[in-house]
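Please treat every number below as a calculation from the coordinates, not as lab data. Nothing here was measured: the structure is a model prediction, and the numbers come from that model. Cβ: placed from backbone, ideal geometry, glycine included. Neighbour counts: every protein chain shown.
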Amino acid sequence: MTDHVSLTPRQRDDLRTIAAMIIPASEEYRVPGADDDIIQADIIATLGRDTRQVVAALDHLARLAGMPLADLEPAARDSVAQQFRSAGGVAAATLVRVVLQCYYRDDRVLGSLGLELRAPFPKGHVLPDGDWSLLDPVKARAGAMRRAP
Amino acid sequence: MKDPVDVLIIGAGASGAAVAWSLAETKMHILCLEQGGWMNPAEYPSTGRDWEAKFYGEWSSSPNVRGRPEDYPINDDNSPIKVVNYNAVGGSTVMYTAHWPRLHPADFKVKTLDGVADDWPIDYDALTPFFEENDLMMGTSGLSGDPLSPLTHPPMPQQPLGLSGAIIGKAMNELSWHWWPSDTTVATMDYEGRARCINLGHCTPACAQGAKSSTDITYWPHAVRAGVELRTHCRVREITTDENGMASGVVYYDKDGVEQFQPAHVVIIACNGVGTPRLLLNSASSRFPNGLANSSGLVGKNLMFHPYAQIYGYVKEPTDSNRAPPTCLWSKEWYDTDLSRGFVRGYGVQFVRGAGPVFEAVVSEQKGILPWGEDHHRVFRKLNGHRIGFSAICEDLPEEHNRVTLDPVLKDSHGIPAPKIDYTISENSRKMMEHALARGREFLETAGATDICVNSPIPWGGWHLLGTARMGTDPERSVVNEWGRTHDVKNLFIVDGSIFVTSGGVNPTSTIQALALYIADQMKQRLANLFD
């Protein structure tokens, strides 16, 4: 289901700016920020049914900022971001979720987390059977289910 | 006009599949109408890299979010717990956790034992053979011998303990609290044409491997081979009645949206606790002005959800995260009534193994424990792959003000009035939830967990839809009799969760299907005088 609404250049700029404020790039972890071109392209390409809420969130952000978010002084930008996060409601939550879901499927990010770059099916995962002697104390303890009359 | 069928079943989910399969041996002409279609496992989320993102869209557990053509909208604005379900061949067994406890014997005698609600008109023993038959048909795994649960005989061994299970077991042992490997419908070995579980991850939204049992791959192939006709993408609008007050058939919309009438000698409803009262209320007529089979006025009332009290935290050791079925262990430590706790009845616990990275990021950000900015990466690495959880399934007692009615405005894509939910959590349930959260916190702290978070109730936790067409011997206090026939219409039966009298504190699907098989058996035994 695709909403026939697209983002304006200003909205795309604000989306990139707020995404970088949510998840900045990190040299320590060798990961891009959420403002990375590939991640931004993924966000735009997969907005789909979330488009309307994301547009509403960006409109709200624009009202709070009063100018392109990137043009604000850092302190003012942080203040706007805090207001947006705390009072943005469902629309802001949708925007943040879309950023996170695209960020945490990027190959570079998953690689940094030590996760395999593949769908779960068909390989699956191996699960250790575990030490079932852990259950011995439960078996040894007295106890019975309540009986019906 | 179409030829009449002997038996018409509405709904191809957990109970519809079971009753269809059981009745097939009669060689009657049995037709099932299902509003959804057959599932295609090649399209299941775990086949793609974006498997987690799909949970927020077309694979959401909420029909209101999902909005597939097969779904109908539900107005649940006036409920802190939102309805979740799935509409397809297999119904909500396509999208469930596969956790497989049964109601306990004491759950059928709540009034006698605890002086609340009502006793069921049948007891646990009446259902025992059908629990066993159903476990073989669905294919269960587990470990027989749990001292605090009814005796079961799962045909397959329990799921592996895994990393999370070991952490959970050690903490519960330290507290001397009961825990046990859950019975589940996850195949741990190849079984009846199903491949064994390979730990695709969060199997709730359908299993591409086919290891998780859903009725589209268990009961339905057998039922169809035995001659049952299953007509998909057919949404029933109403059940019609004749001049004698007997059900005469149904009006439905076919896959092309064309209105059809299908006559039938017997009608069986299997639409569960929201769909069933919706259909009965939409079947009002001059003879049945308050809805069909509603002389008691109880159709739609006594809705029981099971409020979930969930608490979770993060341990230092790695957990199974998304690399295993989500649930593997349960506890019945607080299942039975102990009035010193401040409430009557009790709750079961299902432990949670962990979460995938997208879910972890989204939920932790919303909870405020995952920051924006420079510290995001460090904190995410501390959280991701380290979660364990404790979810209490609290017994919800029947209250008439918790109900399903017809929304005066909202309609589905065929113009059929949609259901409206009015529901509040009782004081008894709130005390139970507080007790569970306190025990869960003790458990998490014993396991060494930090950053503890609470979801109570789980808002999107309305999986269990029970009680809205309750069973009983008194026509003034119940909708169906002790073998599932409506008191008012002698060829109309209900076999789903709506006939529950009380809810117990466990996931209900095993009991729903045992009831459906029991009712089918009763019908077969009474074929000569079914309408007397």
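Which of rounded, prolate or oblate describes chain B when judged by the alpha-carbon gyration tensor and an a/c cut-off of 1.5? Prolate.
Running a GNM on chain A with Cα contacts under 10 Å, which residue among A:S86, A:S133, A:S112 ends up with the highest mean-square fluctuation? Looking only at A:S86, A:S133, A:S112, the largest GNM fluctuation is found for A:S133. Rounded to the nearest 20, the Cβ-based charge dipole of the protein assembly as shown about its Cα centre (Lys and Arg +1, Asp and Glu -1) stands at 220 debye.
Prolate is the label for the range B:423-505, because a/c, from the alpha-carbon gyration tensor with a ≥ b ≥ c as root eigenvalues, is 1.5 or above and a/b exceeds b/c. Computed from the C-beta positions of B:A226 and B:D3 and an R0 of 22 Å, the FRET efficiency is 0.65 to the nearest 0.05. DSSP beta bridges fully contained in the protein assembly as shown are about 70 percent antiparallel. When the Cα convex hull of the range A:9-116 is projected onto planes of every orientation, the mean area is 6.9 nm². In the protein assembly as shown, with Lys and Arg counted as +1 and Asp and Glu as -1 at Cβ, which of these residues, B:Q525, B:I425, B:A53, has the Cα nearest the positive end of the dipole, that is, farthest along it? With unit charges placed on the Cβ atoms, the residue in question is B:A53.
Between B:D375 and A:R141, the modelled label-to-label distance comes to 3.8 nm, taking each label 7 Å out from Cα in the direction of the beta carbon. The modelled label-to-label distance for the pair B:L175/B:E243, using points 7 Å beyond Cα in the direction of Cβ, is 6.7 nm. Taking Cα atoms only, the orientation of helix A:74-87 departs from the longest principal axis of chain A by about 50 degrees.
Shown for chain B are no DSSP H helices, since none reaches 27 Å along its axis, judged by Cα atoms, with a mean Kyte-Doolittle hydropathy of at least 1.0. Mean partner shielding of peptide B:377-387, defined as the number of other chain Cβ atoms within 10 Å of each residue Cβ, is 3.
Can you say what percent of the DSSP beta bridges in chain B, counting only those with both residues inside, are antiparallel? Round to 5. Just about 70 percent of them are antiparallel. In chain B, helical runs assigned H by DSSP with n ≥ 4 each contribute -39500 (n - 2.57); averaged across all residues and rounded to the nearest 500, the mean residue ellipticity at 222 nm is -7000 deg cm²/dmol. Please determine, in degrees from 0 to 90 and to the nearest 10, the orientation of helix A:89-103 with respect to the longest principal axis defined by the Cα atoms of chain A, where the helix direction is its Cα long axis. Relative to chain A, helix A:89-103 is tipped by roughly 80 degrees. Given +1 at the Cβ of Lys and Arg, -1 at the Cβ of Asp and Glu and no other charges, the dipole of chain B around its Cα centre is 760 debye to the nearest 20.
Look at where the Cα atoms of the range B:252-311 and of the range B:461-526 average out, and the two centres are 13 Å apart.
Summing charges over neighbours of B:T232, with a neighbour being any other residue whose Cβ is under 15 Å away from its Cβ, gives -3 when K and R count +1 and D and E count -1. If you plug the beta carbon distance of B:V251 and B:R68 into 1/(1 + (r/R0)^6) with R0 = 25 Å, you get a FRET efficiency near 0.65. Between the range B:369-441 and the range A:21-70, the C-alpha centres lie 29 angstrom from each other. Calculated FRET efficiency, B:T446 to B:H414, Cβ-Cβ distance, R0 = 45 Å: about 0.25 to the nearest 0.05. Partner shielding of A:111-124 amounts to 6, given as the average count of beta-carbon atoms from other chains within 10 Å of each residue beta-carbon.
Once backbone amide H atoms are built at 1.01 Å from N, B:K301 has B:V404 as its partners under 5 Å, excluding neighbours fewer than 5 places away on the same chain. A convex hull fitted to the Cα coordinates of the protein assembly as shown yields 150 cubic angstrom per residue. Segment A:L113..A:Y29, full-extension length gain: 29.4 nm, with 0.36 nm per residue of separation and the alpha-carbon distance subtracted. Overall size of the range B:185-253 from C-alpha positions, given as principal axis extents largest first: 56, 26, 18 Å. For the segment B:49-57, counting C-beta atoms of other chains within 10 Å of every residue's C-beta and taking the mean gives 5.
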